[in-house]
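What follows draws every value from the coordinates through simple rules; no lab data is involved. The structure presented is a predicted model; accordingly, all values stated were derived computationally and were not measured. Using ideal geometry, Cβ is built from the backbone for each residue, glycine included, and neighbour counts are taken over all protein chains shown.
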Amino acid sequence: MPPMTSTDPQAEPFWRAKSLEALTPAEWESLCDGCGRCCLNKLEDWDTGQIEWTNIACTLLDGETCRCRDYENRQATVPDCVQLTPSEVRTLTWLPPTCAYKLVADGHDLYWWHPLISGSSETVHEAGISVRGRTISEDGMELEDYENHLVDWPLIDGPIPEEAS
């Protein structure tokens, strides 16, 4: 976990004190909680713009760690991988409600399970927020089959209830 921007224990954490645009690259990267929800394939209704979520993960998502297997080179393998920027965060309609980038952009604090709050990268999994153990790979799957894998649990704010999994 990157150090806070100040050594003063009374100082505001960087995600409360800075805008998304003012974050350093290390601060920006540390905002990712490692849930993997943004790496799920989504279907968009061309007529209404409504987004439907699937449990189908990007080919590069490691389903156990919920991290990209080749983050630095991901766009070479997955050309439509969206690289988040402050303006993208403010305009994308499919970011999950628990996304730290979205929360900070909207002036909200991070959840207790976020690694910057808890001090552990495991709490996002322990809280049931991550996609760990809930996905299948897109590898070899036909696009027509995606609609057979619709889920609603990525849109839940807090821990995922057992019946929603």
> For 125, 149, 114, 108, what's the fewest-to-most ordering of other Cβ within 10 Å of each Cβ?
Replying inline: 108, 149, 125, 114
>> Which one, 62, 45, 109, has the greatest fluctuation when you compute a Gaussian network model over the chain with C-alpha springs under 10 angstrom?
In response: 45
>> Once you place label points 7 Å from the Cα toward the Cβ at residue 45 and residue 109, how far apart are they in nm?
In response: 3.7
> In deg cm²/dmol and to the nearest 500, what is the mean residue ellipticity at 222 nm of the chain if only DSSP H runs of at least 4 residues count, each as -39500 (n - 2.57), divided by the residue total?
Replying inline: -4000 deg cm²/dmol
>> Just want the answer: with Cβ charges of +1 for Lys and Arg and -1 for Asp and Glu, which residue in 48, 154, 118 is farthest toward the dipole's positive end in region 14-164?
In response: 118
> Are there chymotrypsin sites (Phe, Trp or Tyr not before Pro) in region 6-70 that DSSP marks as loop and that have at most 15 other Cβ atoms within 10 Å, and which are they?
Replying inline: 46
> Given Cα pairs under 8 Å that are at least 6 residues apart, what percent is the relative contact order of the chain?
Replying inline: 29
> Quick one: 130, 19, fewest Cβ neighbours within 10 Å first, how do they rank?
Replying inline: 19, 130
> What stretch of the chain, leaving out the sites themselves, is the longest with no GluC sites (Glu not before Pro) in a DSSP loop having at most 15 other Cβ atoms within 10 Å?
Replying inline: 1-63
> Between residue 122 and residue 87, 0.36 nm times their residue separation minus their Cα-Cα distance comes to what?
Replying inline: 9.7 nm
